[in-house]
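A.B. asks: Input: one structure, supplied below.
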Amino acid sequence: MEQILQHYDAYINKLCLRTMVDESGQTHKQVDPYMKGRLQSKLMQAITKK
């Protein structure tokens, strides 16, 4: 399972990018950890159901 999650890690990170604004008003992209966890969970569920 860990190998599968590592394989898809970059793709999941790309799907979970959010544009954030910091205190100085600068915008930058950041991985949303909640969304990443949800996608990883759904992937694991899909694998174990087969």
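The values are calculated or read from the model by the stated rules, or taken from the named source; none is laboratory data. What you see is a predicted model, and the numbers here were worked out from it, not measured in a lab. Neighbour counts run over all protein chains shown; Cβ positions are idealised from the backbone, glycine included. The protein model used for the area step is the full one, side chains on, heavy atoms only, and it has no ligands, DNA or RNA in it. Shrake-Rupley method; radii C 1.70, N 1.55, O 1.52, S 1.80 Å.
A.B. asks: Every residue in region 27-50 that is in a strand (DSSP E or B) and touching a helix residue (DSSP H, G or I) at 6+ places or on another chain (Cβ under 6 Å), please.
C.D. replies: VAL31 - this is the single residue of region 27-50 that is in a strand (DSSP E or B) and touching a helix residue (DSSP H, G or I) at 6+ places or on another chain (Cβ under 6 Å).
A.B. asks: Looking at SER24 and the list (1) without any contact (Cβ under 8 Å) to a residue 12 or more places away in the chain; (2) surrounded by 10 or more Cβ atoms within 10 Å (Cβ to Cβ); (3) outside any helix (DSSP H, G or I), which single condition is not satisfied?
C.D. replies: (2)
A.B. asks: Assess whether GLN6 counts as being among the polar types (S, T, N, Q) and either over 8 Å from the mean Cα position of the chain (by Cα) or in a loop (DSSP other than H, G, I, E, B) (or both).
C.D. replies: yes
A.B. asks: Another question, if that's okay. For MET35, are the conditions met, namely being aliphatic (A, V, I, L, M), at pLDDT 95 or above and surrounded by 10 or more Cβ atoms within 10 Å (Cβ to Cβ)?
C.D. replies: yes
A.B. asks: Pairs only if they're at least six apart or on different chains, beta carbon under 6 angstrom, first in region 36-50 and more than 12 Å from ILE4 (Cβ to Cβ), second open to solvent by less than 60 Å² (accessible area, probe 1.4 Å) and assigned to a helix (DSSP H, G or I); list them, first residue then second.
C.D. replies: Taking only residues 6 or more apart or on different chains, the pairs are LYS36/ILE12; LEU39/ILE12.
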